[in-house]
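Participant: Here it is, the structure, as C-alpha cells.
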Amino acid sequence: MSALAGRLSAGLNWGVERFVAILMALLVLDVWIGVVDRYLFHWQLPWPEVVARYLMIWAAMLAISAGIARREHIGLHALISKAPEGLRRVILLGLDLVTFLLFFYVFWYGIGFAQTGGNRQAMIFGMTLLVPFAAIPVSAAICAIQTLLVAIRDQGALIVPNSEGMVE
C-alpha cells in the first residue's frame, strides 16, 4: 500500500509540476508582451496584467502540492527531525491529519467561492471569474489528495523523496 501511494504521489506530482512549468512559461511570455507593449509599441493592451495575475495565482496554488509531495517545509522538517522517533511519528501523522483537514476545508468552501466567481464578470475578457476562482478548490483538492498519499507513503516516518519524487 505504501509503495502504491508513493507511485501515485510521484505521478500526481509529475503532472502538476509540468503543468506549473507551462503556466510559468506562459506567465513569462505574458509579462514580456506587457513590457514590450508598454515601452516599445505603446499598444496599451489591457489584458497582460490581468492574465499575469490569474496565471500567477494558478501556478502558486498548484505548486503547493509539489512541496507537500516532497515534504519541503523547512520549519517543520527542522522541528520534527529533532524529536525522538516515537514522538516524531505521532507528530508527523498528526500534522498530516491537520494538513489534510485544512485542505479539505479549503476545497469544500472553495467550491462556493468559485461558484460566486461564476456570477461575476472579468471586465477585460467578458468572461466569468469561475476559472480564475477555481484555482482555490482545484489546488486544495490536489493538496488534500497529495497529503493523503504522502501520509500513506511515509506512514509516520520522516521520508524525503529523491528528485524524481520516489522514495528509495
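Participant: How long, wide and thick is region 1-42, going by the Cα atoms along their three principal axes, in whole angstroms, largest first?
Facilitator: For region 1-42, the Cα spread along each principal axis is 58, 7, 6 Å.
Participant: Next question, about the same structure. On average over all directions, what projected area in square nanometres does region 1-101 have, based on the convex hull of its Cα atoms? Intermediate values should be presented prior to the final figure.
Facilitator: Details: hull surface 34.7 nm².
Mean orientational projected area (region 1-101, Cα hull): 8.7 nm².
Participant: Per the 1.4 Å probe, what fraction of the accessible area of region 97-138, in percent, lies on carbon and sulfur atoms? Kindly include the intermediate steps, with their values, before the conclusion.
Facilitator: Values: 2090 of 2810 Å².
Summing carbon and sulfur atoms, their accessible area is 74 percent of the total for region 97-138.
Participant: With r as the distance between the Cβ atoms of ASP37 and TYR109 and R0 = 35 Å, compute the FRET efficiency 1/(1 + (r/R0)^6) and round to 0.05.
Facilitator: That pair, TYR109 with ASP37, gives E of 0.40.
Participant: Let me ask another. Which whole-number value in Å² is the accessible area per residue of the chain, probe 1.4 Å?
Facilitator: The answer is 61 Å² per residue.
Participant: In region 38-119, what GluC sites (Glu not before Pro) fall in a loop by DSSP, with at most 14 other Cβ atoms inside 10 Å?
Facilitator: On the way: sites: GLU49, GLU72, GLU85; in loops: GLU72.
For GluC sites (Glu not before Pro) across region 38-119 that sit outside H, G, I, E and B with at most 14 neighbouring Cβ atoms in 10 Å, the list reads GLU72.
Participant: May I ask for the angle, rounded to the nearest 10°, between helix 135-154 and the longest principal axis of the chain, with both axes built from Cα atoms and the value confined to 0 to 90°?
Facilitator: That works out to roughly 20 degrees.
Participant: Let me ask something else. If you project the alpha carbons of region 100-154 onto the principal axes, what extent comes out on each, in Å, largest first?
Facilitator: That works out to 46, 17, 9 Å along the principal axes.
The values are calculated or read from the model by the stated rules, or taken from the named source; none is laboratory data. The structure presented is a predicted model; accordingly, all values stated were derived computationally and were not measured. As a convention, Cβ positions derive from the backbone with ideal geometry for all residues, glycine included, and neighbour counts pool all protein chains shown. Calculation scope for accessible area: heavy atoms of the full protein, side chains included, ligands and nucleic acids excluded. Shrake-Rupley method; radii C 1.70, N 1.55, O 1.52, S 1.80 Å.
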